[in-house]
Amino acid sequence: MSLVTISGLLSRLEAGETTATALLSDLQSRITARGTLSPFQRLEWERAFEQADLSDRARRERKPLGPLAGVPMAHKDMFDRKGSTVGFGGHPSARKTASGTALVLERLDAAGAVDFGRLQMSEFAMGPTGQNHHYGMPENPAVPGGVPGGSSSGSGVAVGMGLVPAALGSDTGGSIRVPAACNGVVGFKPSLGLVPLDRAMPLSWTQDTIGPLAASVDCARRVLSVISGGKTRAHGETPRRLRIAFDRGGFVEGISDRMRAALAETRGALAGQGHDLVSLDMGFYADLTEPANVIAIAEAATVHADRLRDCPETYGTQVRARLAQAAGISAQAYLRARQIREIAMARTAEEIFGAADLVILPGLADVAPQAEALVHAEGAEIARMISGMTGFTRPGSILGLPVLSLPVAWTSDGPLSLQIMGPRGSEDLIADLAQTLETSRQPVDAALAEPA
Amino acid sequence: MEQELTALLGRAPSESELAIARDQRARVEAGIFASPLLELPGDGPLRPSGRCGALAGTNPFAEGGA
């Protein structure tokens, strides 16, 4: 399936081959013809056509245009827009009409993007499978029967279906990178604090970030540049010779043979580009899963405290189970988890980024897991499965580091994605390197048959 | 545990919810309080003058005791 890209759309708009209004009309027809709202939660055509018309008029009158002028986008259902409904993936009783607009949406508006709707998400952004108790699960276009990943499930699916070139998501424990990996698209979680969280739904203030899921690295960095207020570069540069680290094995134990082979392929590609490969012991990252979870759950339970006490039955089974975990987390445990975070940050700065410019890790252990196994899990089993899906994304979250999820190989069962992680503020370098590793979306099972 | 859950949920917890909280407490013991990352300075990367120095102060009884 070919994906729609921002540069492709802008070329057509600039050449006069289409208009923002025509792009939106085409989308409306395609979405209506599908006969299902999924992966969307809400479509807001009226306002979108107004935005598109303004963009077309500005283009006709040769007025200055923003970098995303006329590009249609939809976003995870957790960002306020004044006068519009925001639902957070929750029970209908959790919906509200926003009294203001999220700063990230204001920045996208100013850049000329056309916002036409809200996308499905895990309930309150809790859950890496993409399953939502109230609204079900959008279908993964890249892995038949596979979970779409969450919590930015609809964002990953809409990009993977070729409906939009990019969609905003949020990432607290892997919620951009997991659905990106499941659907074979790019996901870019920025450094903690780079993108403002104003009027976006909170989950865990120590780890919450907002970023794009996108059809390509170029699409992702264009959007990130806008929502970060220009703090990152929109366009790529050839990366200098880099020191790129891989784990010696302790942290990435348990990955599939084909993921191991994909890592080996990537090592070969990077060496071929002249980069220096560094083998480091990242075993201590395995010890960050529980601290990251403890911080996330304790803070999420605080965010939800009043609502959970008032109407616990409006929460889905899995989310209520995760929030119930908070009863097993003492104040000392939370503070200890924060201390572990500080220690891991110091060790990462010294042991990892003292020896390497960037790190490459798996995104998932393999392709997206099948939905059947996850949907029927209950109780403590859910917590274990969730930990399993986010084991490789948690370090980037708790450490507050920028990480880009990139599909690097397509098997007949679906895409395999790696993460490129760097020190705080290294978004440009990460994206520059990622652009050199983008591959065709063709199955390559034969090449990945032999584990490294 | 039951009291904490009742406060959290605004009602008495189910057996399943109690099991989840107990499981989490066990995971906290193993993954937080027994975390190898919390070992005190000496052989590890922690330095009393570093940003993690405050951690050493959380256990004033680690050395020099009678």
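The values are calculated or read from the model by the stated rules, or taken from the named source; none is laboratory data. On a predicted model such as this, the values are computed, not experimentally measured, just so you know. Backbone-built Cβ (ideal geometry, glycine too); neighbour counts: all protein chains shown.
Numbers for the structure displayed
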| quantity | calculated |
| --- | --- |
| Selection status of residue B:18, among the aliphatic types (A, V, I, L, M), farther than 18 Å from residue A:295 by Cβ and modelled with pLDDT of 55 or more | yes |
| Pick from region B:1-40, criterion small (Gly, Ala, Ser) and facing chain A (nearest Cβ under 7 Å), ranking: nearest to residue A:342 (Cα to Cα) | B:35 |
| Selection status of residue A:309, modelled with pLDDT under 95 and surrounded by 24 or more Cβ atoms within 10 Å (Cβ to Cβ) | no |
| Any hit, region A:199-210, residues being more than 23 Å from residue A:87 (Cβ to Cβ), in a loop (DSSP other than H, G, I, E, B) and acidic (Asp, Glu) | no |
| Criterion (more than 9 Å from chain B (Cβ to nearest Cβ), of a type in the set (Ser, Thr, Tyr) and in contact with a Lys or Arg (Cβ under 9 Å, 6 or more places away or on another chain)) met by exactly one of A:302, A:314 | A:314 |
| Residue A:294 being surrounded by 18 or more Cβ atoms within 10 Å (Cβ to Cβ), modelled with pLDDT of 95 or more and among the hydrophobic types (A, V, I, L, M, F, W, C) | yes |
| Elements of type helices (runs of 4 or more DSSP H) contained in region A:90-188, each with 3 or more residues being closer than 17 Å to residue A:364 by Cβ and not basic (Lys, Arg) | A:153-160, A:177-183 |
| Checklist (1) under 24 Å from residue A:35 (Cα atoms); (2) out of contact with any His (no Cβ under 6 Å at 6 or more places or on another chain) applied to residue A:201, failing item | (1) |
| Among (1) under 23 Å from the mean Cα position of the chain (by Cα); (2) assigned to a helix (DSSP H, G or I), the one test that residue A:53 misses | (1) |
| Residues within region A:331-350 that are more than 7 Å from chain B (Cβ to nearest Cβ) and surrounded by fewer than 17 Cβ atoms within 10 Å (Cβ to Cβ), tallied | 5 |
| Selected residue [modelled with pLDDT under 95, touching a strand residue (DSSP E or B) at 6+ places or on another chain (Cβ under 8 Å), surrounded by fewer than 24 Cβ atoms within 10 Å (Cβ to Cβ) and not hydroxyl-bearing (Ser, Thr, Tyr)] from A:258, A:241, A:248 | A:248 |
